[in-house]
Amino acid sequence: MISLQLKNSLKFPVTAKCISPDALQDKSLEEIEKLKIWVGNKKKELRELFKIEIRGSEREVIHVYGDLTKVRGIGAEMTMGELTIHGNTGMHLGEEMKGGKIIVYGNTGDWTGSMMKNGTIEIYGNTGNYLGAPYRGLDKGMSGGKIIVHGNVKNEAGAYMQNGIIRVYGSAGQFAGLRMKDGTIYIQKKCGERVGANMRGGKIIVQGFLKSVLPTFTIEDLRDKVKIENEEIIKEPFYLFLGDLAEDGKGKLYISKKKNPHLNFYEKFLEGEKIE
Amino acid sequence: MMEVFKAVTCPVCACLCDDLEVTVDKGKIVDVKNGCAFSKSKLLNYNGKQRVLKPLIRKGNDFAEVSYDEAVKQAAKLLTEANYPLFYGWSMTSCEAIRVGIELAEEIGGVIDTTSTICHGPSTLGIQDVGLVSSTLGQVRHRADLIIYWGSNPLIAHPRHMERYTVFSKGRFQEKRKLVVVDVRETETAKKADLFIRIEPNKDFEVLQALRVLIRDDELDVEKVAGIPVATLEKLAEMMVECKFGALFFGSGLTMTEGKNRNVDAAISLIRDLNRITKFIIMPMRGHFNVTGADMVFTWQTGFPYAVDFSMGYPRYNPGETSAIDILLRQESDAALVVASDPVATLPRKAAEHLVKNPLIVVDPHMSATAKLADIVLPSTFVGIEAKGTAYRMDNVPLPLKKIVEPPTGILSDEDILSKILFEVRRLKENAS
Amino acid sequence: MELIIRNGFVFDPLNKVEGEKMDVFVKDGKIVEKVDECKAKVIDASGMMVLPGGVDLHCHIAGSEVNAGRLLRPEDHFKNFERKTRVTRSGSGHSVPSTFTTGYRYARMGYTTIMNPAMPPLEAKHTHDELNDTPMVDKGSYTLLTDWWFILECLENGKIEECVRYAAWILKATKGYAIKIVNPGGIEAWGFGRNVQSLDDPVPYFNVTPREIIRALCKVNNWLGLPHTIHLHTNNLGKPGNYITTLETMKCVEDLALKDKPVIHITHCQFSSFKGSNWRNLRSGAEEIARYVNNHSHVTLDMGQVIFTNTTTMTADAPFQFTLHQLTGNKWMNHDVETETSSGIVPFRYKRKNFVHAMQWSIGLELALLVDNPWKIFLTTDHPNAGPFTAYPRIISWLVSRKARESTFKKISLKAQRKSLLPSITRELTLYEITIMTRSGQAKVLGLKNKGHLGVGADADVAIYNLNPEAIDPSKDYKEVRKAFRNAVYTIKNGEIVVKNGEITKHVNGATLWVNLQTSEQKLFNEKLKEKFRDYWTVEYENYAVEENRLKISNPINVEAKI
């Protein structure tokens, strides 16, 4: 196990893609300590920021301690191993991750799991905007793997999602599932508006309150249950909307009936059709 | 001796009207023809009491007058020592000055950003997601038979836009045009419209998306969108589909309300979709006279239009991460150089507070709100009045800014001041290594 | 500064030097007969090839359209960047690099002169400002003259002489190097979202046809005595069956030929050599095009070679770009320029396994190999339309080696493999022919008298590559060839060493080349133009032209026009 303990609190942005099992597993303590890292516009060595220790032989397991809010890109492109962060972390955590697991006992910044391809990220606190979303100008976001957020997410979670699953046990901001093509987003509590905007495919489940559905979604059905993944089923009634019609989309938007009585006016379109 | 300067480009808004006739008498502007009220006001009154005539360095609560050399030396020192300095502003200076500014930010390893960050930055993000179907303004003047202003009030904000380029202009193929205004309140422009649609605040996205469906003759499940009966939107959709050449102009009513870049994204998508049926263009109503030029120079020199971070020795761009406002709100910068803008007056309070807490250098002709709180003030000329240069109109057309009168004795241009700082920075770095 | 390039294998086709071992002398930025051997710096080029600096007559590297492409595509740049060094500026971009980076990358490949082929007149200042920031190379820009209303109106009224005057005025006002024609008639039609379909399809609202526009501008070009020919992007570009249009286009100016001098350059010909009636039955028209070119001396071509990569398409042919957007669903930029022209941009990925893309790849190479005379076809990718210019070394390897072609060929779409003409072509170009296609021929057709050769008096723009033509067989050792052309051992610009071992050692600016037309008194004409100005444009006459002092280093080519 490799452990990194932040020495002093940070003021300037730090980019630390080198903190990942792939980058550290073959290196000696000395090599790790001498890894170059940008702090603002000054180049420093990893040891100037962290107290680094190696214990035992499990080199693909990393624990990081301290408030890493300013540290960006931890675990980027990692393919294996386990990275645990005991504290908050900054943006781009697990960006383009291909495998392994990241666990955060704290909050994470924007672009967590950006464009991730596989692996798992589990966050026990809140996360920022653009969860799993792509870099500016790209049209492919998360394409596999799993992100679990026990707290809340901000805007554009799962934007341009191609596949994989995002589970949010708290609430979500606006534009969840923007332009998604496939995959699943589950939001347990309150969801911001414009959910599913421009989605073409995939599935979004909102079990909490949603103020309104975009006018470019059309009601399809009232279902008595919905499946999240594998055999995991929520047994309560859900409205099923299809959209986004603006993109000629065939995305599925499941909205809890119980939490959203103000949407019952849509039911008139279902009259005479099968309602289970 | 009276002298009349013709074809003067107006250094106020991004309309960049270049047909001003400016009369100068004994080195002073005495008359401005063809300009709007803003234009006249600036050209006749620019040289006011707030003018700074000597470089200033803070001494406690006061400023002490110093030479340019001294101020430049101090500024270069502060910037070179900084770990994450910010170079902010750029929308009211020439492209020539911006070029030097970028070189300076690169040399030091700082973040350089323009006022786009608090204005049309979301437009750029929208463009980067879906593109932009646009044209120069003359194309609209010659061909458009339908003009739409969305969240934009040109009669007040861009007073000659309608006269020169749209509703009241004359073109080769079109003289009569329909005007549609979409806004949250009945603006002066809205009063002139053939169709005014007053939507609920922060609902632009829904309306634009709904229109994308309606122009395809598809129907909606709802009866109203943003408080507007769908039948009214169908009327607008029909106007859009049936025109020969439509043009939609949008302002901060779209870019700075809920949804931001996604509103722009939806607007551009709507116009793009319309091009399968007819000809339609869309254009952001940029504000300051050279905010477009700043985008241009940034893009050709670094590959990115604003919010460029050189801290790692090469350009990185990611608004939200590398944008000035976010850096200030996260309290990450430790020095700043502000050129040709007044962030203390325009940024959110918390961002401005962090800006002034750290070493702050201001290059400005005026004692602006920001300059008042600065550590070093470097007075500069007014580009387009006292110095020449290049600016870009909102439709990307470059125009020359002229020098009409002499600046106050000894006052340097933004370009010259920045070049001096750059020279000094290089000297300091050379000495250090 | 004086230089002796000692003992290299010199390739200088314009002076008929083919790999002779000899010394090249440089003084004050020029090639000279001899230098003071005591003072001169000596470069030991033994075992290396010494070539004139590379010339590229068609690469979109500057101006509003290119910059819009940059702005549109942060995803093209964020992982492809260049760090600042002690001598160089930083930058970014794979297919649409920022300006400094563009200059450095060309210089590293030994290129020293490049031409930006599409300058919208109203935005010419922008183009020149970017060229000012494109270091290391001499550069120029072609002024877009289609579909400028003044030209269309002159043609409507049959006033060719007036047309000549307008062209002269706008070339000078924009500091242009040549006349660029793009989808003539189609661009004006695009003003209302339409296009033209053939050479004889009338332009909406103007009583002229594409054929008339091409012929008229070809006459104008001859009349003005411009150093380059008209530079033409055909109608129907990128459409199956368009090789017919291309043949007709070349034929339509046959009678305007001036002895053996070419009068028309068909650019990125690959995109205009499609046979078939739809994408499924797309075939190569390279044989027919090449046969015509082999039998006529009034036309030159450049390849527009496709590279399998993610790139950005950008042309003034906005209706074509719209089609490309519809075809791919990719994001799309359009920018029409009042009274003058238009442009469009769409990101594009050429895939090996896509039948159409693979056919395009094949067609480009077929053209280059089937046109017998290397002075008639030049190596380009229509950067960045068919791929970024950084792929030139790869193209060279395909041209000199059948083995290299086969290695790529076996990875492309099987259907394309069955339909491609490539397996039937055995020709392998020599390094001498490559020299013609990548510099000497291009300099010649551009009318650049001091470029593309190493004769006494030539500009001392030299590229030295680590390739021993006596020791290697390009056909077998194509990887060596590719490697050598990727990074010049030395690039010498204006007599100064600017690149060593593929690294930039000195940042130099390079000059802007433009045609300074000397015409008779134009006063009356200018007054007339001035009167019309406000009706046609939204800027003032006084603010339209590019002043010479805007060019960082101005290099006017003086031409006496017979008008």
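The values are calculated or read from the model by the stated rules, or taken from the named source; none is laboratory data. Note that this is a predicted model, so its numbers are computed, not measured. FYI the Cβ positions are ideal-geometry reconstructions off the backbone, even for glycines, and counts take in every protein chain you see. We work out accessible area using only protein heavy atoms, side chains counted, and drop any ligands, DNA or RNA first. Shrake-Rupley method; radii C 1.70, N 1.55, O 1.52, S 1.80 Å.
Remarks
- Nonlocal amide H pairs with A:LEU222, under 5 Å, H built at 1.01 Å: A:LEU240, A:GLU276
- Two-site FRET efficiency, C:ASN501 against C:LYS261, from Cβ-Cβ distance with R₀ of 45 Å, rounded to 0.05: 0.65
- With a Förster radius of 45 Å applied to the C-beta separation of A:PHE269 and C:TRP279, the computed FRET efficiency comes to 0.65.
- Compactness relative to 2.2 N^0.38 Å, alpha carbon Rg of the protein assembly as shown: 0.93
- Whole-number percent relative contact order across segment A:2-270, with pairs defined as alpha carbons under 8 Å at least 6 apart: 10 percent
- Descending Cα extents along the principal axes, segment B:121-284, whole Å: 42, 33, 30
- Ordering of B:408-415, C:61-68 by packing [mean C-beta count within 10 Å, highest first]: C:61-68, B:408-415
- Cα→Cβ-extended label distance, 7 Å offset, between B:GLU353 and C:ASP372, nm: 8.2 nm
- Size of chain B: Rg and Dmax of its alpha carbons, in Å, are 22.9, 72.
- Other protein chain Cβ atoms within 10 Å, averaged over every residue that makes up B:393-403: 6
- Pairs of alpha carbons in segment C:163-270 whose separation is greater than 24 Å (percent): 23 percent
- Of interest is the spacing of the C-alpha centroids, which for segment C:265-335 and segment C:100-121 amounts to 22 Å.
- Cα centroid of segment A:90-152 to Cα centroid of segment C:5-31, whole Å: 58 Å
- Area of C:TRP375 that stays accessible when all protein chains are in place (1.4 Å probe, Å², to 10): 70 Å²
- For the segment C:317-329, counting C-beta atoms of other chains within 10 Å of every residue's C-beta and taking the mean gives 1.
- Once both labels are positioned 7 Å from their Cα atoms along Cα-to-Cβ, the gap between A:ILE234 and B:ARG427 label points is 6.7 nm.
- Here segment B:1-124 is treated as a Stokes sphere of Kirkwood radius computed over C-alpha pairs; at 10 °C and 1.306 mPa s its diffusion coefficient rounds to 89 µm²/s.
- Residue-wise HN-Hα couplings along segment C:401-406, as the Karplus relation 6.51 cos²θ - 1.76 cosθ + 1.60 with θ = phi - 60° gives them from phi, are 9, 5, 4, 4, 4, 4 Hz; Gly and Pro carry x.
- DSSP bridge analysis restricted to the protein assembly as shown gives an antiparallel fraction near 45%, rounded to the nearest 5.
- Against the rule of thumb 2.2 N^0.38 Å, how large the Cα Rg of segment A:2-270 comes out: 1.09
- When peptides C:266-276, A:131-141 are ranked by their average number of other Cβ atoms within 10 Å per residue, the highest-first order is C:266-276, A:131-141.
- q = 0.08, 0.09, 0.10 Å⁻¹, chain C: log10 I(q)/I(0) [Debye, one scatterer per Cα]: -0.49, -0.62, -0.78
- Helical content alone sets the calculated 222 nm signal of the protein assembly as shown at -8000 deg cm²/dmol, taking -39,500 (n - 2.57) per DSSP H segment of four or more residues and averaging over every residue.
- In Å², nearest 10: area of A:CYS18 left accessible to a 1.4 Å probe: 30 Å²
- Mean separation of Cα pairs under 8 Å and 6 or more residues apart, divided by the residue count, gives segment B:121-284 a relative contact order of 33 percent.
- For q = 0.10, 0.11, 0.16, 0.21 Å⁻¹, Debye-computed log10 I/I(0) when each Cα of segment B:276-433 counts as one equal scatterer: -0.45, -0.55, -1.16, -1.61
- For the peptide B:209-221, the mean number of other protein chain Cβ atoms found within 10 angstrom of a residue's Cβ is 5.
- Amide H contacts for C:VAL337 (H built 1.01 Å from N in the peptide plane; partners 5 or more residues away or on another chain; cut-off under 5 Å): B:THR136, C:SER342, C:SER343.
- Using the average count of surrounding beta-carbon atoms within 10 Å as a protection proxy, the listed peptides B:299-312, C:415-428, A:57-70, B:267-280 rank, highest first, as B:299-312, B:267-280, A:57-70, C:415-428.
- Rounded if a/c under 1.5, otherwise prolate or oblate - segment C:337-449, Cα gyration tensor axes: oblate
- Sequence-separation-based contact order of segment A:78-198, relative, with Cα cut under 8 Å and 6+ spacing, percent: 17 percent
- With θ taken as phi - 60° and the Karplus curve 6.51 cos²θ - 1.76 cosθ + 1.60 applied, the whole-hertz 3J(HN,Hα) list for segment A:150-166 is 7, x, 9, 10, 8, 6, 6, 5, x, 4, 6, 5, 9, 5, x, 9, 10 Hz, x standing for glycine and proline.
- Derived scalar couplings between HN and Hα for segment C:6-21 equal 9, 6, x, 8, 8, 10, 9, x, 5, 10, 6, 9, 10, x, 6, 7 Hz in order, rounded to whole Hz, by the Karplus curve 6.51 cos²θ - 1.76 cosθ + 1.60 (θ = phi - 60°), x for Gly and Pro.
- Annotation: extensible slack from C:SER554 through C:GLU288 equals 91.6 nm (criterion: 0.36 nm per residue apart, minus Cα-Cα distance).
- In this simple spin-label approximation, B:VAL30 and C:ARG349 carry label points 7 Å from Cα along the Cα→Cβ vector, and these lie 6.7 nm apart.
- Under-5 Å amide H pairs with B:THR390, H placed in peptide plane, nonlocal only: B:CYS95, B:GLU96, B:LEU401
- Summing charges over all other residues whose Cβ lies under 11 Å from the Cβ of C:LYS528, with Lys and Arg as +1 and Asp and Glu as -1, gives +1.
- Cα centroid separation, segment A:228-273 to segment C:528-563 (Å): 63 Å
- Quarter of the Cα convex hull surface for segment B:2-45, i.e. its orientation-mean projected area (nm²): 2.6 nm²
- P(r) tail, segment C:280-321: Cα-Cα pairs separated by more than 11 Å, 79% of all pairs.
- Legend note: in chain C, cysteines whose Cβ sits 4.7 Å or more from every other cysteine Cβ are C:CYS38, C:CYS59, C:CYS218, C:CYS252, C:CYS269.
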